[in-house]
Amino acid sequence: MSDKEKKELSIKMGMSILLGKNVYNISELLDKEVINSLVGTDFEWLFHMMKTLGQGQINEFMQTVNNNQDYISKFPNIVKEMTYLEQKVRIIAFLEMIFELGKDERSIPFSKIAQICNVEAVDVELLVMKAMSLGLIRGTIDEVEQLVHVDWSMPRYLNKGHLQIMQNKMVAWEEKMENVIRLCENNSQELVMS
C-alpha cells in the first residue's frame, strides 16, 4: 500500500472512530501501524485526537482540540459532534479507570469518578447511566452513599498498556495467594497441636 493510500485509509478510519456512534472499543484500531501514516502530515492532529480519545486522556484530548482549531474547523461534522466527543472521551476514561481497578475495588465513589472523568459531582450519575445504557458496564448507582457498584464491564482489546496492568494484577494476586497459603499453614499447625 502506498503512503498516499495509507494516509487516505487512516483519515477514513479516524473519522469513523471520532464520529462513529456507540463505538468505544477503539484500541485495536489505534494499534494498527497504518494510523502512524498521519504523523508528520497535515492530519497529525487527527492522529492525536484518535490516540487521546482511545486512551481516555481527557486533558490531552481537549488540548489537542484547542491547539488544532484551524484544522478541525474545516470538518463541520467534527465541529458539530464536539459535545458528543467530549462525552465519549469521558466515558472511555471511566472504562479505563474500571479496568485498572481490582475486582474487589469496584465500588467507586462519585468523587473519584468526577476527578478521573473531569466532571462535576452532580454529572457523575448521568455519565454512569450513559455508560450503562450503552451496555458498556453493568452495576448499580447508590445515590445515598454516592457510590457506583460495577459488576461487569465490556471486554476490551488489550493493548500493551492494558497487558502491563494485567501483569501487575497477576503479581498482586500471586502475593495475596502466598499470604493466604502461609496463613493456612500457620493456622493448621496450631490446630494439629491443640
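The values are calculated or read from the model by the stated rules, or taken from the named source; none is laboratory data. Small disclaimer: the values here were computed from a predicted structure and weren't measured. No Cβ is skipped: glycine too gets one built from the backbone with ideal geometry, and neighbour counts run over all protein chains shown. All accessible areas refer to the heavy atoms of the entire protein, side chains included, with ligands and DNA or RNA removed. Shrake-Rupley method; radii C 1.70, N 1.55, O 1.52, S 1.80 Å.
Here the simple spin-label model places points 7 Å from the Cα toward Cβ, and for Asp151 and Thr41 these points are separated by 4.6 nm. Adding -39500 (n - 2.57) for every DSSP H run of four residues or longer, then dividing by how many residues the chain holds, sets the calculated 222 nm ellipticity at -19500 deg cm²/dmol. On a 0 to 90 degree scale, rounded to 10, what angle separates helix 82-100 from the longest Cα axis of the chain? The two axes meet at around 30 degrees.
If I ignore ligands, DNA and RNA and count only protein heavy atoms, how much of Asp31 is accessible to a 1.4 Å probe, in Å² to the nearest 10? The accessible area comes out at roughly 80 Å².
Under a Cβ-Cβ cut-off of 14 Å, what is the net charge of the residues other than Ile35 that fall near it, where Lys and Arg count +1 and Asp and Glu count -1? Numbers along the way, then the final one.
Values: positive: Lys6, Lys7, Lys12, Lys32, Lys51; negative: Asp3, Glu5, Glu8, Glu28, Asp31, Glu33, Glu44.
Net charge in that neighbourhood comes out at -2.
Just subtract the alpha-carbon distance of Lys32 and Val171 from 0.36 nm times their residue separation and send over the number in nm, one decimal. Don't jump to the answer; show the numbers that get you there.
Working: separation 139, 0.36 × 139 = 50.04 nm, distance 2.90 nm.
Answer, rounded to one decimal: 47.1 nm.
Here segment 98-184 yields Rg over Rh of 1.05, to two decimals, using C-alpha coordinates and the Kirkwood radius.
Looking at the chain, identify the longest residue range that excludes and avoids all trypsin sites (Lys or Arg not before Pro) in DSSP loops having at most 14 other Cβ atoms within 10 Å. Could the numbers behind the result be given before it?
Working: sites that count: Lys21, Lys32, Lys74.
That would be 75-194.
Accessible surface for the chain, divided over its residues, is 60 Å² per residue with a 1.4 Å probe. Cα axis of helix 160-193 to longest principal axis of the chain: angle in degrees, 0 to 90, nearest 10? So the helix axis and the longest Cα principal axis differ by about 0 degrees. What base-10 log of the normalised intensity I(q)/I(0) is obtained for the chain from the Debye formula, alpha carbons as equal point scatterers, at q = 0.08, 0.10, 0.17 Å⁻¹? The Cα Debye sum returns log10 ratios of -0.36, -0.52, -1.13. Axis angle, to the nearest 10 degrees, between helix 44-54 and the longest C-alpha principal axis of the chain: 30 degrees. For the chain, modelled as a GNM whose springs connect Cα atoms under 10 angstrom apart, the maximal fluctuation among Val34, Val23, Val180 occurs at Val180.
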